[in-house]
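For reference, the structure is listed below as structure tokens.
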Amino acid sequence: MNKLISLTSVALAGLMSLAVQANQAAQLDVENPFVREMPPVAPATGAFMTLINSSDQPIAVVRADSDAAKTVELHTHIHDNGVMRMREIPEISVPAMGQTELKPGGLHVMLIGPTRALKAGDLVDIKLIMQDGSEKMIQAPVRKIMGMGQMQGGGHGMGHHRH
Ligand SMILES: [Cu+2]
């Protein structure tokens with residue numbers, strides 16, 4: 001009887017360690033991804049989405065990659081004496097059981113040096129890499145953004161420092 005109990009607890013411990021090892025990418029949902037359509041001459045564009053964390057631990061996206069751009073960076077916008085500027089950041093974190101929105105004028109994935117024209121309706125493959133090294137592939141449709149977003153978009157890429 002004692003042996004049976006100890007075997008059961010070993011099995012349970014095994015299951016629990018599996019649960020702990022569940023990778024971050026599997027626990028991160030991406031909703032409503034899109035890439036902003038830019039004129040073909042634009043040096044860069046942005047990708048936006050909502051990141052939803054269904055786990056009880058914070059998840060951080062530490063890198064992004066795409067075959068649609070030479071360089072992909074994680075960016076935020078900061079207000080600098082009334083001027084909105086973009087700045088590269090080391091990670092985009094998503095709180096436990098929470099969500100983080102990437103949107104025009106805020107956090108975004110920067111696609112620098114598009115490798116092809118990105119027109120409304122095109123699909124862009126983007127890979128998000130988590131803190132634990134796990135990866136999530138998403139497909140973001142290219143969309144035209146009107147109004148305020150478009151005006152902000154006009155400055156997107158300007159003042160950007162290439163590495
Ligand atoms: Cu940017």
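Bear in mind that the values in this text are calculations on the coordinates, not laboratory data. Computed from a predicted model, the values in this text were never measured in an experiment. As a convention, Cβ positions derive from the backbone with ideal geometry for all residues, glycine included, and neighbour counts pool all protein chains shown.
A few remarks follow.
- Added length on full extension, which subtracts the Cα-Cα distance from 0.36 nm per residue, Thr76 to Ser54: 5.6 nm
- Our estimate of slack between Arg85 and Lys127, defined as 0.36 nm per intervening residue step minus the Cα-Cα distance, is 12.6 nm.
- Long-range HN-HN contacts of Ile89 with modeled amide H, under 5 Å: Leu74, His75, Thr76
- Straight-line cross-link reach from Lys119 at under 16 Å between alpha-carbon atoms covers these aspartates and glutamates, not counting any fewer than eight positions away in the same chain: Glu37, Asp67.
- Under 10 Å, Cβ to Cβ, from Gln99 - net charge with Lys/Arg +1 and Asp/Glu -1: -3
- As a length-normalised measure over Cα pairs under 8 Å and 6 or more apart, the relative contact order of segment 29-154 settles at 33 percent.
- Amide hydrogen proximity for Ile145: with H placed 1.01 Å from N in the peptide plane, the residues at 5 or more positions away or on another chain lying under 5 Å are Glu37.
- Segment 29-45-segment 102-133 distance, computed between alpha-carbon centres (Å): 6 Å
- By DSSP, the beta bridges lying fully in segment 29-154 are antiparallel in about 95 percent of cases.
- The residues packed around Ser134, meaning those with a beta-carbon under 13 Å from its beta-carbon, carry a net charge of +1 if Lys and Arg are +1 and Asp and Glu are -1.
- Projecting label points 7 angstrom from Cα along Cα→Cβ for Val41 and Ala26 puts them 4.9 nm apart.
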